[in-house]
Amino acid sequence: MAERSLDLGALQTLLAQVHELKVACVGDLMLDRYVYGEVSRISPEAPIPVLRARRSVAMPGGVGNVARNVAALGGQARLGAVVGQDAAGAELTDLIAAEDRVEDALVRPEGAATIVKTRFVAAGQQLLRLDDEQPATAAYDDRAVFKGTKAILLSDYAKGVVDDPLIETALWAGREYGAPVIVDPKGRDFARYGAVDLIKPNASELAGATGLPVETDAEVEAALAALLASTTVKAVVVTRAGKGMTLARRDGAVVHFPGRAREVFDVSGAGDTSLAALGLALGAGATLEAAVQFAILASGVVVGKSGTAVVTPAELIEAEMSQHAALAQSKVTPLDELSDQVEAWKRQGLKVGFTNGCFDILHRGHVAYLAQARGWCDRLVVALNTDASVRRLKGEGRPVNDLDSRAAVIGGLASVDRVTAFDDPTPMALIERLRPDVLIKGADYTKDKVVGATEVESWGGVVRLADFADGYSTTKTIEKMIGDAQ
């Protein structure tokens, strides 16, 4: 089963709900440093590129980046982790202090060393990553980090902070404060996380934990079933890069979510962004499905950025609007391609509906009409009169919106599956070519006046008359606009 993405209205509502939401972000913290430069030659000492450094930037990584993403999305992050009393730790502390809406709940035990990851980048590509780290020598045991939070995120980078006592404390806090516990796991033993609300492995981690292949949807479903059988976690969402995400619940339901087509610039930190988005959405009371859709959108935006980046609500809205426009445009289909698509739908046993009209200025009546039409079929094709055809029917000055604009708007409706155009006085040629199962016109017609009714019924189809919302029409809309302007 595949799930549709969040629409713009649902996204805006969710962003409002996560605003100022308090989230505990606990786990392995590190300093991410990026050295950017240029490569123009190979070293004479060894067959390696010579990087001429131009600039460097540093930012909190690991659970620090999860907290930054929570804050960037509008939430309030409380950051719990271990940091060393060293130069890198001091730099990390300053960076965290500079982050709006990130509260420092760090512990700084003596003898702990700060983890530093340095990436060397040229022409948008990482050449080398240098890790400076030691195993954690101190536990994180500050229960206060969880107090009053609406979601608990455990970011496990296998550096030692997310140990069994911390997991037990997080589960206690989740029950105490009614906060979902979400884990970004590492290692092969996912059972150690107990009955958390959600774990979020990537495909490689899922394969490692189960010993099963995870290339196809069916293989992923089998691996998820095995994982749920061997653990007490309540749900699992596996991230699958360009293939999207797959969600499995303990009741056996599995949902595949397609990925968003994006130009990938840098995947560093994309998992942190997903974790932050999941936590915020679930903390705000969203369904698991909506939370996964939110995470897909957020991570899809962040991979287009350089370095360990974050994403803002404005960027999510812009991305959703762009995706919506692209989806609407993809529904506009020339006749030959449309004919092939209709045949394919019929081979799948789907019932194809057809309607037509000018649809000049879209109003509430149009939306209701098309929604009702879609209820009578599995796939709905809408044929629009060309601009010249509209002028012949409605007179000079019409249409107000040209064909491309009308097609984009109609294609943007969830009730519409394909949009095409016709220039003839009637859509008869289109109807005969597509041979729809359901022919739909407005209730202002009678069946004997519907073009193509006899033909559709001759091949076993049906004719349906849809209601129009009273008081709505393009002509009345134009008359009101003219009257208001005078």
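The values are calculated or read from the model by the stated rules, or taken from the named source; none is laboratory data. The model shown is predicted, which means the values in this text are computed figures rather than measured ones. Here the Cβ is made from the backbone with ideal geometry for all residues, glycine too, and neighbour counts use every protein chain on show. Accessible surface is based on the protein model in full, side chains and every heavy atom, while ligands, DNA and RNA are left aside. Shrake-Rupley method; radii C 1.70, N 1.55, O 1.52, S 1.80 Å.
Quick notes
- Estimated FRET transfer efficiency when R0 is 45 angstrom, pair Ser415-Asp141 (beta carbons, to 0.05): 0.25
- Exposure of Val352 as accessible area (Å², to 10), given a probe of 1.4 Å and all protein chains: 0 Å²
- Amide proton proximity set for Val332, modelled H, under 5 Å, gap of 5+: Val419
- Overall Cα dimensions of region 1-113, principal axis frame, Å, largest first: 58, 44, 29
- Taking label points 7 Å from Cα along the Cα-to-Cβ direction, Ala253 and Ser230 give a separation of 2.6 nm.
- Region 275-431: proportion of alpha-carbon pairs further apart than 28 angstrom, %: 38 percent
- Working note: Cα gyration tensor of region 4-66, eigenvalues times five, square-rooted, sorted largest first, giving semi-axes of 41, 18, 11 Å.
- DSSP-defined antiparallel bridges as percent of all bridges, the chain, nearest 5: 35 percent
- The gain in end-to-end length when the Ser330 to Ala429 segment is fully stretched comes to 33.3 nm, 0.36 nm per residue minus the alpha carbon separation.
- Accessible-area value, His19, 1.4 Å probe, nucleic acids and ligands omitted, Å²: 110 Å²
- Within the same chain, aspartates and glutamates fewer than 8 places from Lys447 are excluded, and of the rest, those with a Cα less than 16 Å from its Cα are Asp437, Glu455, Glu457, Asp467.
- Dimensions of the chain based on its C-alpha atoms, expressed as ranges along the principal axes with the largest first, amount to 88, 53, 53 Å.
- For a straight C-alpha distance cut-off of 15 angstrom, the aspartates and glutamates reachable from Lys243 (same-chain residues fewer than eight places away being disregarded) are Glu3, Glu215, Asp217, Glu219, Glu221, Glu263.
- Karplus-derived 3J(HN,Hα), 6.51/-1.76/1.60, for each residue of region 99-108, Hz, glycine and proline x: 8, 5, 6, 10, 9, 6, 10, 7, 10, 10
- In sequence order, calculated HN-Hα J values of region 446-461 (Karplus, 6.51, -1.76, 1.60; Hz; x Gly/Pro): 10, 4, 5, 9, 7, 4, x, 4, 4, 5, 4, 5, 5, 9, x, x
- Solvent exposure, largest accessible area first (probe 1.4 Å, DNA, RNA and ligands not counted), of Ile296, Ile48: Ile48, Ile296
- Spatially close Lys pairs in region 113-241, defined by Cα atoms under 15 Å apart and a spacing of eight or more places or different chains, total 4.
- Charge dipole magnitude, Cβ of K and R +1, D and E -1 - the chain, Cα centre, debye nearest 20: 600 debye
- Value of [θ]222 nm, deg cm²/dmol, for the chain, DSSP H segments ≥ 4, -39500 (n - 2.57) each, nearest 500: -11500 deg cm²/dmol
- Residues Glu99, Glu215, sorted by accessible area with the largest first, give Glu215, Glu99 [1.4 Å probe; ligands and nucleic acids excluded].
- Antiparallel beta bridges, as assigned by DSSP with both residues in region 186-254, represent about 75 percent of the total such bridges.
- Given a 1.4 Å probe and the protein chains as shown, Asp251 ends up with an accessible area of around 120 Å².
- From phi via Karplus (6.51, -1.76, 1.60), per-residue ³J(HN,Hα) for region 361-371 in Hz, x at Gly/Pro: 9, 5, 9, 4, x, 4, 4, 5, 4, 5, 5
- Overall form of region 349-451 per C-alpha gyration tensor (a/c, 1.5; a/b vs b/c): prolate
- Cα gyration tensor shape for region 48-95, rounded if a/c is under 1.5, else prolate or oblate: oblate
- Sulfur and carbon atoms: percent of accessible area, the chain [1.4 Å]: 51 percent
- For Glu110 and Lys351, the difference between the fully extended length at 0.36 nm per residue and the C-alpha to C-alpha distance is 79.8 nm.
- Calculated log₁₀ intensity ratio I(q)/I(0) where the Debye formula runs over C-alpha points of region 50-190, q = 0.11, 0.19, 0.20 Å⁻¹: -0.45, -1.23, -1.33
- Ranked by the mean number of other Cβ atoms within 10 Å per residue, highest first, peptides 25-38, 336-349, 221-234, 428-441 order as 25-38, 428-441, 221-234, 336-349.
- Here's the picture: charge each Lys and Arg Cβ at +1 and each Asp and Glu Cβ at -1 in the chain, and of Pro334, Ala309, Val438 the one pushed furthest to the positive end of that dipole is Val438.
- Farthest toward positive dipole pole in the chain [+1 Lys/Arg, -1 Asp/Glu at C-beta], among Pro165, Val462, Val214: Val462
- nm² value of the averaged projected area, convex hull over the Cα atoms of region 109-215: 9.3 nm²
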